[in-house]
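Q: Just passing along the structure, written as C-alpha cells.
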Amino acid sequence: MGAAELPGSEMVTAATISIVTARKVAASVVDPEIPVLTIDDLGILRSVVVDEGRVIVTITPTYSGCPAMGQMEDDIVTAFERIGVEGVEVVTVHFPAWSTDWISEDGQRKLRQFGIAPAVSEQDLTCPRCDASTPTMIARFGSTACKALMVCSSCGEPFDFFKPF
Amino acid sequence: MTIKSVTSLLAHADDNMVLAQRLGELISNAPELEIDIALGNTALDHLGVARALYTHAGNTEGKGRSEDELAMFRTEREYTNLLLVEQPNGDFAHTMVRQLFFDAYQMELWRDLSTFSDTTLAGIAARALKEATYHMRFSSGWVTRLGDGTEESHRRAQDGVNALWQYTSEMFEGEAEHYHPAWSTTIESALIEAGLDPVADPYQRTGGRSGFHTEYLGFLLAEMQWVQRSYPGLKW
C-alpha cells in the first residue's frame, strides 16, 4: 500500500502527524527484493515513535549481507516525505537479532503466493506451486542473501526457499 | 569481560572487511555459477558484519568516525586484520581451506560475543553466528569433497592446508586464546573427514593484529580505497 492510498492521507507535518498514521506509513514500506512483503510483515519494523515534532522509526536488520536494508531505510524516509513529513529518523537496533520467526503469518502466506517457500525446517519444506513435499536443494546460496534455490521433484519447477535464520 | 575495546571491534571488523574484498575478487571468476553466487553471498555477509562493527566501533569511540571513514581512510599499518584473511585466493581449494579455517574461528567468536552485555555487539554476533554456521556448511563440504575427490583435487586441498596453516595460531592470540581448543577439534575432524593430513611444521606467522602485514594487504587496500582517497566523500 503506497502512502497515497492511505486512508486520510492529506498532507501532515512531523508536528501534526498522529502515531496511527505514522505507524501506517512506516508499515507500508516494502522489501525492494520481495515487493509483496512490507517491513511490518518481515518483522523488521520494531517501533514508530512520534515525539514533539520528531518521528523515529526503529528497525532491525535481517541478514548481514542484505543490500536491501539501505534501500528500505531510504524508502521509509521517502514514504514520510510523500505525505509532507520531513527529517524522519531511522534508527537501527541490532538486539535482539532478527529471526525468520519474526515474519508474520500473513507474510508467510504472501511469500508462498509469490512462489517463495517460507522459512521452515528443511524436512517440513513443501513446493509453493504444487505442495509436494519432496523438493531437493540445487544451491544453498540463491539469488539473494535470504534465499536458497530448490527444485520440486514432483512438478519439476525450481523455486526459492527463504532460509530459516 | 563482557564489552570489547574499540581496538578489538576494529580488528574483527577488519577481518570481515578484508575477507569480503578477497571473496569479492572471485565474483564472475568462480569455477561455476552456483559457486560464484555462494562466494558473492558469503562476501556480502562478511561486508555486512564489517559495516555493523565499524559503525559500532565509531559510536563506541565517540569521535564521530563513520563506517566509511574507518574502512576507507585507515592505512595498512592501521588495519589489524588476521594475516589469514588477506592471503590471495589461490585456487578454489585454497579459497575453501582459508574459509574453513576462518569460519570455524568465527563460530567460536560469535558464540562467545553473542552473550556479551554490550547488546549491540551481542545482536551483531548472534546474527553473524547463524551466517558463519551457514558458511561453514559450504566450506567444510567443499574441503571434504576436494580432499576426498580426485588425486588432483586432493593435492590442491592439501597444498592449501600446508600453505595456510602458518596463519592459524594468530587467530587465538590474547583474549581469543580460549577459542583455540574447540577450533582445533573442529578442524582436526574436518581434515580427517577430508582425508587431509594435519601440518606437522610448528612454524607460525603473526603480526596482523599489530598492523604488521604480509605484502598482499597493501595492494588489496589500494584497490579498495583508491576511489574514496581520490575523491573523498564521493557517493553514488
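Each reported figure results from applying straightforward, stated rules to the coordinates on display, with no laboratory input. No experiment lies behind these values; they were computed from the predicted model shown. So basically every Cβ, Gly included, is an ideal-geometry build from the backbone, and we count neighbours across all protein chains shown.
Q: Please go through (1) touching a residue at least 60 places away in the same chain (Cβ under 8 Å); (2) in a loop (DSSP other than H, G, I, E, B); (3) farther than 27 Å from A:Pro158 by Cα for A:Ala79 and return the number of the only condition it doesn't satisfy.
A: (2)
Q: Looking at A:Gly142, A:Gly156, A:Gly70, which is the one that is crowded, with 22+ Cβ neighbours inside 10 Å, within 29 Å of B:Phe138 (Cβ to Cβ) and small (Gly, Ala, Ser)?
A: Details: A:Gly156 fails: crowded, with 22+ Cβ neighbours inside 10 Å; A:Gly70 fails: crowded, with 22+ Cβ neighbours inside 10 Å.
Selected residue: A:Gly142, the only one of A:Gly142, A:Gly156, A:Gly70 that is crowded, with 22+ Cβ neighbours inside 10 Å, within 29 Å of B:Phe138 (Cβ to Cβ) and small (Gly, Ala, Ser).
Q: Sticking with this one: Kindly indicate whether A:Thr92 is polar (S, T, N, Q), over 26 Å from B:Ser140 (Cα atoms) and within 12 Å of chain B (Cβ to nearest Cβ).
A: Answer is yes for this residue.
Q: In addition: Can you tell me which residue is surrounded by the most Cβ atoms within 10 Å (Cβ to Cβ) among those in the range B:77-100 that are among the acidic types (Asp, Glu) and part of a loop (DSSP other than H, G, I, E, B)? Before the answer, list the steps.
A: If we filter the range B:77-100 for residues that are among the acidic types (Asp, Glu), which is where we start, we get B:78, B:86, B:91.
The next check asks that each one be part of a loop (DSSP other than H, G, I, E, B); those that pass are B:78, B:91.
Values: B:Glu78: 12, B:Asp91: 14.
The residue in question is B:Asp91.
Q: A further question follows. Looking at B:Arg22, B:Arg51, which one is assigned to a helix (DSSP H, G or I), away from chain A (no Cβ under 14 Å), under 17 Å from B:Ala132 (Cα atoms) and among the charged types (D, E, K, R)?
A: B:Arg22
Q: I'm trying to understand the selection: among the residues of the range B:128-147, which are out of contact with any Asp or Glu (no Cβ under 9 Å at 6 or more places or on another chain) and buried (at least 19 other Cβ atoms within 10 Å of the Cβ)?
A: B:Leu129, B:Lys130, B:Trp142, B:Leu146 - these are the residues of the range B:128-147 that are out of contact with any Asp or Glu (no Cβ under 9 Å at 6 or more places or on another chain) and buried (at least 19 other Cβ atoms within 10 Å of the Cβ).
Q: How many residues are part of a strand (DSSP E or B) and either polar (S, T, N, Q) or surrounded by 16 or more Cβ atoms within 10 Å (Cβ to Cβ) (or both) when one looks only at the range A:90-106? Working first, answer last.
A: In the first step, residues of the range A:90-106 are kept if they are part of a strand (DSSP E or B); the result is A:90-92.
Okay, now just the ones that are also either polar (S, T, N, Q) or surrounded by 16 or more Cβ atoms within 10 Å (Cβ to Cβ) (or both), so A:90, A:92.
Selection size over the range A:90-106: 2.
Q: Can I ask one more? When you check B:Tyr54 against the structure, is it of a type outside the set (Lys, Arg), closer than 13 Å to B:Arg209 by Cα, buried (at least 21 other Cβ atoms within 10 Å of the Cβ) and in contact (Cβ under 8 Å) with a residue 12 or more places away in the chain, yes or no? Write out each step before concluding.
A: On the way: of a type outside the set (Lys, Arg): yes; closer than 13 Å to B:Arg209 by Cα: no; buried (at least 21 other Cβ atoms within 10 Å of the Cβ): yes; in contact (Cβ under 8 Å) with a residue 12 or more places away in the chain: yes.
Taking the combined requirement at face value, the residue does not satisfy it.
Q: Kindly list, by first and then second residue, each pair from a residue in the range A:107-130 that is surrounded by 16 or more Cβ atoms within 10 Å (Cβ to Cβ) to a residue that is part of a helix (DSSP H, G or I) and of a type in the set (Val, Ile, Thr), limited to pairs with Cβ atoms under 8 Å and residues at least 6 apart or on different chains.
A: From the range A:107-130, the pairs are A:Pro118/A:Thr100; A:Ala119/A:Thr100.
Q: When residues of the range A:134-152 are filtered for being touching a helix residue (DSSP H, G or I) at 6+ places or on another chain (Cβ under 8 Å), assigned to a loop (DSSP other than H, G, I, E, B) and free of Cβ contacts under 8 Å to residues at least 60 places away in the same chain, how many remain?
A: Result for the range A:134-152: 4.
Q: Of the residues B:Asp159, B:Asp103, which is away from chain A (no Cβ under 14 Å), among the charged types (D, E, K, R) and part of a helix (DSSP H, G or I)? Spell out the reasoning first.
A: Details: B:Asp103 fails: away from chain A (no Cβ under 14 Å).
Selected residue: B:Asp159, the only one of B:Asp159, B:Asp103 that is away from chain A (no Cβ under 14 Å), among the charged types (D, E, K, R) and part of a helix (DSSP H, G or I).
Q: Residue by residue through the range B:184-236, note down the ones that are of a type in the set (D, E, K, R) and either in contact (Cβ under 8 Å) with a residue 12 or more places away in the chain or in a helix (DSSP H, G or I) (or both).
A: Across the range B:184-236, the qualifying residues are B:Glu188, B:Glu193, B:Asp197, B:Asp201, B:Arg205, B:Arg209, B:Glu223, B:Arg229.
Q: Which one of A:Phe80, A:Phe162, A:Phe95 is within 15 Å of the chain's Cα centre (by Cα) and of a type outside the set (S, T, N, Q)?
A: Result: A:Phe162 is the single residue among A:Phe80, A:Phe162, A:Phe95 that is within 15 Å of the chain's Cα centre (by Cα) and of a type outside the set (S, T, N, Q).
Q: Based on what the data block shows, is B:Asp118 over 18 Å from the mean Cα position of the chain (by Cα), within 22 Å of B:Pro232 (Cβ to Cβ), among the charged types (D, E, K, R) and within 13 Å of another protein chain (Cβ to nearest Cβ)?
A: For B:Asp118, the condition - over 18 Å from the mean Cα position of the chain (by Cα), within 22 Å of B:Pro232 (Cβ to Cβ), among the charged types (D, E, K, R) and within 13 Å of another protein chain (Cβ to nearest Cβ) - is not met.
Q: While we're on this one: Among the residues that make up the range A:30-39, is at least one of them surrounded by fewer than 19 Cβ atoms within 10 Å (Cβ to Cβ) and among the polar types (S, T, N, Q)?
A: Within the range A:30-39, not a single residue is surrounded by fewer than 19 Cβ atoms within 10 Å (Cβ to Cβ) and among the polar types (S, T, N, Q).
Q: Take the conditions among the hydrophobic types (A, V, I, L, M, F, W, C), more than 12 Å from chain B (Cβ to nearest Cβ), farther than 22 Å from B:Ala122 by Cβ and without any contact (Cβ under 8 Å) to a residue 40 or more places away in the chain and apply them to A:Val57. Does it pass?
A: Yes; evaluated as a whole, the condition is true for this residue.
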